[in-house]
1. Pop out a list of residues from segment B:41-67 that are at least 30 Å² less accessible with all the protein chains around than in their chain alone; 1.4 Å probe, no ligands or nucleic acids counted.
2. At what distance in nm do the modelled label points of A:ARG93 and A:ILE78 sit from each other, each positioned 7 Å from its Cα along Cα→Cβ?
3. Among A:GLN101, A:VAL53, A:ASN63, pick out the residue whose Cα is farthest towards the positive end of the charge dipole of segment A:35-126, where Lys and Arg carry +1 and Asp and Glu carry -1 on C-beta, about the Cα centre.
4. Gain in length, A:ILE17 to A:GLU35, computed as 0.36 nm per residue apart minus the alpha-carbon separation, to one decimal in nm?
5. Give the accessible surface of chain A per residue, rounded to a whole number of Å², with probe radius 1.4 Å and ligands, DNA and RNA excluded.
6. Please give the total accessible area that chains B and A bury against each other, computed with a 1.4 Å probe and expressed in Å² to the nearest 100.
7. Name the residues of segment A:68-103 whose accessible area, probed at 1.4 Å, falls by at least 30 Å² once all protein chains are in place instead of their chain on its own?
8. Quick check: at a probe of 1.4 Å, how many percent of the accessible area of the protein assembly as shown sits on carbon and sulfur atoms?
Amino acid sequence: MARIAGVNIPAAKPLHIALRYIYGIGPTNALEICERVGVTATKRVNQLTESEVLRIREDIDKNYKVEGDLRREVAMNIKRLMDLGCYRGLRHRKGLPVRGQRTHTNARTRKGKAKPIAGKKIATKK
Amino acid sequence: MSRSVWKGPFVDGYLLKKAEKARGSTRNEIIKIWSRRSTILPQFVGLTFGVYNGNKFLPVSVTENMIGHKFGEFAPTRFFKAHSVADKKVEKTEGTGS
């Protein structure tokens, strides 16, 4: 078990998989890190030496924005749009899709679980 | 996909002239524009534009944050008319009661 970039404790997985448990590091970045630090990507995390872990930690600190900082940046970007009063900001405020997707149907990821329309059932019964 | 950098930002030419004229006059008046597709440039900051939304000219006072956005983004063309939820509920209960 190794603690990298704050709270993340990736498991007994290959290094390039384990690194992806860090918010902000995906497949590409994980492989980049492995290469730059000079550790075989498929080496298990629990087989890493102390110095390797240290080098990985330094590499991430130096080259990537991860976890809290990244989350804050994303939130700030969204907040900027919302304060600006532009179309994208309005969509964020309303919790609707931002990039021009249809909302007649679908869009459930943004809209959340479907809400029943009040009184609709009664109307169909009559 | 974003626009190629070598093309520069897209702006309808007459906006530049209008903006310059507005800068010259001390009175801060609304510049009516139809060109929703134009990018907001740094030289527009501080001016107020009336962006046409197909119906009215909506006042947009340009701030520094808006640079790089298009004018159209600040003048919505559709307005969502919702039923006020509270009113509807009252109506419903009254309706079923009678």
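The values are calculated or read from the model by the stated rules, or taken from the named source; none is laboratory data. None of these values were measured; they are calculated from a predicted model. Reconstructed Cβ throughout: ideal geometry from the backbone, glycine too, with neighbour counts over all protein chains shown. Accessible surface is based on the protein model in full, side chains and every heavy atom, while ligands, DNA and RNA are left aside. Shrake-Rupley method; radii C 1.70, N 1.55, O 1.52, S 1.80 Å.
1. B:ASN65
2. 1.6
3. A:GLN101
4. Difference between extended and current length: 5.1 nm.
5. Spelled out: the 1.4 Å probe surface of chain A, per residue, equals 71 Å².
6. Result for this pair: about 700 Å² buried.
7. Residues shielded by partner chains are A:ARG80, A:LEU84, A:CYS86, A:TYR87.
8. Heavy-atom surface of the protein assembly as shown belonging to carbon and sulfur, 1.4 Å probe: 55 percent.
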